[in-house]
Amino acid sequence: MQIDLDGKSALVTGSTQGIGAAIAAGLARAGARVSVNGRTKDSVDAAIQRLRGAAPDAELVAAPGDITTDDGLEQVLAALPRTDILINNLGIFGAMPAMDIPDAEWRRYFEVNVLAAVRTTRAYLPGMKERGWGRIQNIASDSAVVIPAEMIHYGMSKTALLSVSRGFAKEAAGTGVTVNSVIAGPTHTGGVEDFVYELVDRGLAWDEAQREFMRLHRPQSLIQRLIEPEEIANMVVYLSSPLASATTGGAVRVDGGYVDSILP
């Protein structure tokens, strides 16, 4: 299967590290012109330098701006007035006992993990519909379906993102634009390493800590390991391509078999 995104432009929000950076690299290797987004110019410039190592021939564009704010979104739109592919990857997570989560944290998780994706979709979807082609993907999580007791505010936000994806897919019906969510399972990123050590003994070496985390907190995983960011990126690149023209309104799993259900 040959995926060719030559001539397509893409924006990956929150793409200076982790899953977002892996997605940006994957899209770039497939030939897309990729805009890298982060809150500051310095973080974006540094990320682009790292990405050039992974994709030396890539066409990478800086699109800094905090898309959770009006000013930040306008900054991104000024750098990238239109795009063919929008990957809403920006997100936050963290463990907190259910009864200790204050109202401000509930609002913050909704603002960052849900509303930011809604706002970028509103900004770019009309142009995609006019041109008769586009791809929008919202990076969700197994936590949308299997709500984790240690971070239900995060699970809530990712469940909402599944609804947002399905709803905007209906808005784009018949236009040549597809909208999907990608249910990422427990993934090995720097942020997740910190999260793992919030839940297991910090004195353990990483490989042992990872195994202990999966045993205690994610025993449903069928691959019994953390997923690598590139494995998430592979699915995102496929869904971004013309080959995925019949996949829309879906919640596509790259979860290592973690969600114990045949749907989604």
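What follows draws every value from the coordinates through simple rules; no lab data is involved. These numbers come from a predicted model, not from an experiment. A quick note on method: Cβ atoms are made from the backbone with ideal geometry, for glycine too, and the neighbour counts reach across all protein chains shown.
A few points about this structure:
- For Ser35, residues with placed amide H under 5 Å, excluding near neighbours: Ala10, Leu11, Val12, Val61
- Counting Cα-Cα pairs of the chain in 10 Å increments starting at 0 gives whole-percent bin shares of 7, 31, 37, 20, 4, 0.
- Solvent-free Debye scattering, log10 I(q)/I(0), computed from the Cα coordinates of region 169-264 at q = 0.13 Å⁻¹: -0.55
- Cα-based equivalent ellipsoid of region 112-250: semi-axis lengths in Å, sorted from largest, via gyration tensor: 33, 15, 12
- The mean sequence separation of alpha-carbon pairs under 8 Å and at least six residues apart, normalised by the residue count of the chain, gives a relative contact order of 19 percent.
- The fraction of Cα-Cα pairs per 10 angstrom bin, counted from 0 for region 108-167, comes to 23, 46, 22, 8, 1 percent, rounded to whole percents.
- Between 0 and 90 degrees, the angle of helix 41-54 with respect to the longest Cα principal axis of the chain falls at about 90 degrees.
- Between helix 116-131 and the chain there is an angle of about 30 degrees, using the helix long axis and the longest principal axis of the Cα atoms.
- Environment charge of Ala58, counting only residues whose C-beta is closer than 11 Å and scoring Lys/Arg +1, Asp/Glu -1: +1
- Positive contributions from Lys and Arg (+1) and negative ones from Asp and Glu (-1), summed over other residues with Cβ under 9 Å from the Cβ of Ile85, come out at +1.
- Scattering curve values for region 19-72, log₁₀ I(q)/I(0), Debye with Cα scatterers, q = 0.16, 0.26 Å⁻¹: -0.42, -0.96
- Considering only Gly176, Gly203, Ala144, and ranking their Cα positions along the charge dipole of region 137-264 that arises from unit charges at the beta-carbon of Lys, Arg, Asp and Glu, the one farthest toward the positive end is Gly176.
- Listed by chain and number, the aspartates and glutamates whose C-alpha is less than 17 Å from the C-alpha of Lys8, apart from same-chain residues fewer than 8 away, are Asp57, Glu59, Asp84, Glu130.
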